[in-house]
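**Q** Quick one: structure below, then a few questions.
Nothing in this text is a laboratory measurement; each read-out follows from the coordinates by a stated rule. Since this is a predicted model, take the numbers as computed values, not measurements. No Cβ is skipped: glycine too gets one built from the backbone with ideal geometry, and neighbour counts run over all protein chains shown.
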Amino acid sequence: MAHINSDKNSEYLGPEKIIGLKQEYLIPCSYHFYRRPPQIVQASGTKVYDSTGKVYTDFFAGVSVMSCGHCNPQINNRVIQQLNTLQHTTSIYLTQPVVELARRLAEILPGTISRSFFCNSGSEANESALLAARLFTQKRKFIAMEGSLHGRTFLTTGVTAIPMWRTDPFVDEVPVSFASDEAAVMELLRNEGAETAALIVEPIQGNGGIRPLPPSFFDRIAVELKRQGVLLISDEIQSGFGRSGKMFAIEHYPVEPDMITGAKALGNGFPIGFFAARPEIANAFTKPSASTLGGNPVSCTAGLAVLDFIKSENLVSRAAEYGDLLMSELRQVAKTAPFLNAPRGLGLMVGMEVRDYQGKAAADITDDILEAMKEKGFLIGKNGVNRNVLAFQPPLIIEKAEITAMADALEQTASHILG
């Protein structure tokens with residue numbers, strides 16, 4: 001385990017000065033967790049360290065990014081070698097890592113999806129997939145789910161249902177209908193399918209509160225999608241690359257998507273995003289398009305190293321096994337606290353909804369829990385439409401002892417709130 005260099009402590013600005021500089025120089029939409037936030041200065045594996053030397057076990061992984069662990073040497077050493085060899089050329093020149101990564105993805109993507117376009121983020125990936133759906137179908141409308149979050153660009157904000165992420169009033173110009181469940185999707189498909197290019201779904205909603213789609217969700221929808229010529233886009237920005245206990249969360253369901261999007265965990269901290277499609281859909285996207293940094297040798301080398309590490313360490317099956325343990329531990333905690341619902345999720349992507357209790361709002365209790373868990377040395381996330389869902393999305397290399405220790409700390413925290 002790495003240890004923080006105490007000789008550098010005097011170099012750190014500290015939380016208060018950083019907050020002051022944020023307020024002066026950053027756009028005010030940039031928020032942070034915690035009433036008393038630490039300054040994170042170092043990380044290794046499942047641990048992160050603040051400017052005082054305090055160590056935390058990371059149960060949020062940068063929102064499902066650091067699936068292979070922080071500062072993973074097996075990944076970073078390959079990236080450093082690539083960085084020192086060829087850092088950037090842009091996509092108009094021929095390089096090897098981008099085609100190698102596309103070929104590797106084609107080997108693991110579901111169904112007949114085999115053609116990829118690389119960019120820098122999940123927002124760009126979803127934007128590109130939505131555009132590709134329009135180009136292929138020659139239709140304009142979309143269907144998305146209540147509680148969805150698909151990105152920060154115009155189209156992706158438009159198909160996002162969480163109010164706090166729909167900051168531009170003009171996103172209402174995006175022709176999208178939102179559905180609450182499979183019955184609502186079926187009704188929209190029957191009424192609007194002739195005008196709809198794609199249904200975009202997160203198999204496990206992330207910011208919507210760690211909500212997996214019901215097991216029966218696609219039983220009727222899959223047939224209706226094909227009948228209406230509506231494409232299925234699986235947004236795997238948070239749930240992809242082993243987190244759910246499958247390589248992609250859509251594989252928990254009896255359906256093959258037409259397109260899939262990914263980012264976050266594929267780079268393990270290096271910026272990368274992609275959308276991939278069936279060949280006939282990809283072949284409709286012929287007008288010139290490029291991403292200056294998308295598919296660059298450094299990020300693609302990171303992606304290749306990530307895929308190798310996932311395979312060599314059996315992280316997909318590990319996420320399924322350790323996810324069962326996490327779910328079991330959290331169920332026991334929920335039994336002791338009347339303000340905690342039973343956990344939900346798949347693999348190592350688990351949410352726990354907090355309820356109002358004794359006159360105190362659920363969102364405030366959620367913040368109390370995050371603050372207390374931080375003091376106990378555990379970083380967990382929060383999400384949900386009402387910001388009242390505890391989010392557990394640790395690195396997939398998390399150890400069983402770390403899971404049980406976190407659950408013990410959460411039970412102590414809940415007991416303290418009960419008084």
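**Q** Counting only residues 5 or more places away or on other chains, whose amide H sits under 5 Å from the amide H of residue 42 once H atoms are built in the peptide plane?
**A** 49
**Q** Would you calculate the convex hull of the Cα atoms in segment 237-387 and tell me its volume per residue in Å³? Kindly include the intermediate steps, with their values, before the conclusion.
**A** Details: hull volume 25.5 nm³, N = 151.
About 169 Å³ per residue, rounded to a whole number.
**Q** Once the other residues with Cβ under 11 Å from the Cβ of residue 266 are scored (Lys, Arg +1; Asp, Glu -1), what is the net sum?
**A** Numbers: positive: 104, 264; negative: 236.
Net of charged neighbours comes to +1.
**Q** Another question about this same structure. Would you kindly compute the Cα radius of gyration of segment 150-203 and its largest Cα-Cα separation (Dmax), both in Å?
**A** When restricted to Cα atoms, segment 150-203 yields Rg and Dmax of 11.6, 31 Å.
**Q** Where Lys and Arg each count +1 and Asp and Glu each count -1, what net charge lies around residue 296 among other residues with Cβ under 14 Å from its Cβ?
**A** On the way: positive: none; negative: 100, 124.
Result for the neighbourhood of residue 296: -2.
**Q** Quick one: Cα centre-to-centre distance for segment 73-90 and segment 252-289, in angstrom?
**A** 23
**Q** Let me ask you something else. How large are Rg and Dmax for segment 21-122 when calculated on the C-alpha trace, in angstrom?
**A** That works out to 18.4, 51 Å for Rg and Dmax.
**Q** Could you run the Karplus curve 6.51 cos²θ - 1.76 cosθ + 1.60 with θ = phi - 60° over segment 260-273 and give me ³J(HN,Hα) per residue in whole Hz, x for Gly and Pro?
**A** Going residue by residue, I get 9, 10, x, 6, 5, 5, 5, x, 6, x, 9, x, 7, x Hz, with x marking Gly and Pro.
**Q** Moving on to the next point. Do any GluC sites (Glu not before Pro) in segment 126-196 lie in a loop, going by DSSP, with at most 16 other beta-carbon atoms within 10 Å of their beta carbon, and if so which? Mind showing how you got there, number by number?
**A** Numbers: sites: 127, 146, 173, 182, 187, 192, 195; in loops: 146.
Hits after loop and neighbour filter: 146.
**Q** Moving on to the next point. Please give the calculated 222 nm ellipticity per residue for the chain, where each DSSP H segment of at least 4 residues contributes -39500 (n - 2.57) and the sum is spread over every residue; nearest 500 deg cm²/dmol? Can you show the working numbers first?
**A** Numbers: 13 runs with 157 residues, N = 419.
After summing the helix terms and dividing by residue count, I get -11500 deg cm²/dmol.
**Q** Explain nothing, just the number: relative contact order of the chain, from Cα pairs under 8 Å at least 6 residues apart, as a whole percent. Provide the component values of the computation, followed by the final result.
**A** On the way: 854 pairs, mean separation 90.2, N = 419.
Computed value for the chain: 22 percent relative contact order.
**Q** Mind checking the dipole of the chain: about its Cα centre, +1 per Lys or Arg Cβ, -1 per Asp or Glu Cβ, Debye to the nearest 20?
**A** Dipole of the chain, to the nearest 20 debye: 420 debye.
**Q** Enumerate the amide H contacts of residue 115 below 5 Å, restricted to partners 5 or more residues apart or on another chain; note that Pro and chain-start residues carry no placed amide H.
**A** 277
**Q** Only bridges with both residues in the chain count here: give the DSSP antiparallel percent, nearest 5. Don't jump to the answer; show the numbers that get you there.
**A** Working: 31 of 47 bridges.
Counting DSSP beta bridges with both partners in the chain, the antiparallel share is about 65 percent.
**Q** A further question follows. Could you give the dipole magnitude of segment 346-419 about its Cα centre, charging the beta-carbon of Lys and Arg +1 and that of Asp and Glu -1, in debye to the nearest 20?
**A** Working: 7 positive and 11 negative charges, 30 e Å.
Roughly 140 debye, rounded to the nearest 20.
**Q** Now for a different question. With Cβ to Cβ distances under 15 Å as the rule, what net charge do the other residues near residue 120 carry (K, R +1; D, E -1)? Walk me through the numbers before you get to the answer.
**A** Working: positive: 152, 264; negative: 124, 127.
Around residue 120, the charge tally is 0.
**Q** Still on this model: Collect residues whose amide H, placed 1.01 Å from N in the peptide plane, falls under 5 Å from the amide H of residue 145; neighbours closer than 5 in sequence don't count.
**A** Hits under the 5 Å cutoff: 179.
**Q** Between residue 180 and residue 290, what's the calculated FRET efficiency when r is the beta-carbon distance and R0 is 41 Å? Round to 0.05. Present the calculation step by step, with values, prior to reporting the outcome.
**A** Working: r = 38 Å, r/R0 = 0.93.
Efficiency at R0 = 41 Å is approximately 0.60.
**Q** Once the Cα gyration tensor of the chain is diagonalised, what are the square roots of 5 times its eigenvalues, in whole Å and ordered largest first, as equivalent ellipsoid semi-axes?
**A** In descending order, the three semi-axes are 34, 27, 20 Å.
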